[in-house]
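Chemist: After the structure tokens below, expect a handful of questions from me.
The values are calculated or read from the model by the stated rules, or taken from the named source; none is laboratory data. These numbers come from a predicted model, not from an experiment. Heads up, the Cβs are rebuilt from the backbone with ideal geometry, glycines too, and the neighbour counts pull from every protein chain shown. Protein only, heavy atoms only, side chains kept; ligands, DNA and RNA dropped before computing areas. Shrake-Rupley method; radii C 1.70, N 1.55, O 1.52, S 1.80 Å.
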Amino acid sequence: GQTSAVFNEVDRHVLQMRGKATAFLSDAGAETYERTRLDQLAVESVLVASGLAEGFDLASGQRIAFYLPNDYRTTVWIEAAKRLDVPYVAIASGAASTSLGDRVADTSATILVSTEDLIPVAQQALETITPPPIAVVMPPSSKAIEGWHLVTDVLLQAKERLLQASM
């Protein structure tokens, strides 16, 4: 049989009308927590998957590497990779540049997704990889960073297409 991990983890709960249930809580600091619902996780992961597939021609068989902090955004991007049937590797945000470079090279990742805060370490790692993967900055980042693709516009375009398709 075949199964879909993202369907079992997220979609089936939303389809069973449990979308308002908490998927997880993130520690936002100062003793406050951010709540992410299952329906939010489903919608955001569909948007990211659409943006990756169309904006970067990411398709089944390619690999993606995530060098991200431990928060809900990482889960959204991992669920998006699952939606695309793309193998991925999640690399801890505390990894050194040499370790990051080795992991990305060993997995033959075609895309490396990171955050603005982690770019200095990621940039050092990319300099050791031939050919380097496409470097993508995950939102929220609004400033251009040399050699890195901003996905904000790609995700907004995906959202617009999905909204038009639903009308």
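Chemist: Could you look through the stretch 6-34, keep only residues that are of a type in the set (A, V, I, L, M) and touching a Leu at 6+ places or on another chain (Cβ under 8 Å), and pick out the one that is modelled with the lowest pLDDT? Give the steps one after another, and end with the answer.
Modeler: Here is the first cut: in the stretch 6-34, the residues of a type in the set (A, V, I, L, M) are 6, 10, 14-15, 17, 21, 23, 25, 28, 30.
Going one step further and asking which of them are touching a Leu at 6+ places or on another chain (Cβ under 8 Å), we end up with 10, 14, 21, 23.
Values: Val10: 88, Val14: 88, Ala21: 90, Ala23: 85.
Taking the candidates together, the pick is Ala23.
Chemist: Let me ask another. Taking the condition open to solvent by less than 60 Å² (accessible area, probe 1.4 Å), within 18 Å of Ile91 (Cβ to Cβ) and small (Gly, Ala, Ser), does Ala53 pass?
Modeler: For Ala53, the condition - open to solvent by less than 60 Å² (accessible area, probe 1.4 Å), within 18 Å of Ile91 (Cβ to Cβ) and small (Gly, Ala, Ser) - is not met.
Chemist: Looking only at the stretch 3-25, which residues are part of a loop (DSSP other than H, G, I, E, B), surrounded by fewer than 18 Cβ atoms within 10 Å (Cβ to Cβ) and of a type outside the set (D, E, K, R)? Walk me through it before giving the result.
Modeler: Step one: of the stretch 3-25, the residues part of a loop (DSSP other than H, G, I, E, B) are 3-4, 16-21.
Adding the requirement that they be surrounded by fewer than 18 Cβ atoms within 10 Å (Cβ to Cβ) leaves 3-4, 16-18, 20-21.
Thr3, Ser4, Gln16, Met17, Ala21 - these are the residues of the stretch 3-25 that are part of a loop (DSSP other than H, G, I, E, B), surrounded by fewer than 18 Cβ atoms within 10 Å (Cβ to Cβ) and of a type outside the set (D, E, K, R).
Chemist: Among the residues of the stretch 116-123, are any open to solvent by less than 50 Å² (accessible area, probe 1.4 Å), within 28 Å of Asn8 (Cα to Cα) and touching a residue at least 12 places away in the same chain (Cβ under 8 Å)?
Modeler: Among the residues of the stretch 116-123, not one is open to solvent by less than 50 Å² (accessible area, probe 1.4 Å), within 28 Å of Asn8 (Cα to Cα) and touching a residue at least 12 places away in the same chain (Cβ under 8 Å), which makes the answer no.
Chemist: Is it fair to say Asp153 is surrounded by fewer than 17 Cβ atoms within 10 Å (Cβ to Cβ), modelled with pLDDT under 90, of a type in the set (Asp, Glu) and not in a helix (DSSP H, G or I)?
Modeler: In short, no.
Chemist: State all residues of the stretch 49-70 that are among the polar types (S, T, N, Q) and without any contact (Cβ under 8 Å) to a residue 60 or more places away in the chain; if no residue qualifies, say none.
Modeler: At the first step, the residues of the stretch 49-70 found to be among the polar types (S, T, N, Q) are 50, 60, 62, 70.
Hits for the stretch 49-70 are Ser60, Gln62, Asn70.
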